[in-house]
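The values are calculated or read from the model by the stated rules, or taken from the named source; none is laboratory data. The shown structure was predicted, so the numbers you read here are calculated from the model rather than taken from an experiment. All Cβ positions, glycine included, derive from the backbone under ideal geometry; neighbour counts span all protein chains shown. Quick note on the areas: whole protein, heavy atoms, side chains included, nothing else; ligands and nucleic acids left out. Shrake-Rupley method; radii C 1.70, N 1.55, O 1.52, S 1.80 Å.
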Amino acid sequence: MMLLRVILFADIDINGKIVRVVNVYLEPFRLNKNMLGMEDENSEKKENNKMGALFSRLIPTFRTHEEQVKKSEKWLITRLIR
C-alpha cells in the first residue's frame, strides 16, 4: 500500500507574532456495512458484535496514522522548524 503524505504549512502574522500552522493529510478511514458485521442478524449480542467489528476495522488505520504522524514529525523537525 502506498501512503500518501501531504504536509501543508503557512506562516501567519498575528499581532506581530509569526505563527506556523501545519496541516498533515492522513490515510482515510474506509468503512462499509459488511465491515461492521451487520450481516450477523441472528446473534444475541448483535450490538456488541457490531462495535467489536467496528473497532477491529479502525485499529489498523489508527496504527497507520501513528506511523504517518511520526514520519511527518521527523520531516517537519528537519525541514520546517527554524
Exposure of residue 14 as accessible area (Å², to 10), given a probe of 1.4 Å and all protein chains: 90
field: residue 65-residue 77 pseudo-label distance in nm [points 7 Å out on the Cα-to-Cβ vector]
entry: 2.2
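Would you mind calculating the gained length between residue 51 and residue 7 on full extension (0.36 nm times residue separation, minus the Cα-Cα distance), in nm to one decimal? Walk me through the numbers before you get to the answer.
Numbers: separation 44, 0.36 × 44 = 15.84 nm, distance 3.25 nm.
Computed gain between residue 51 and residue 7 is 12.6 nm.
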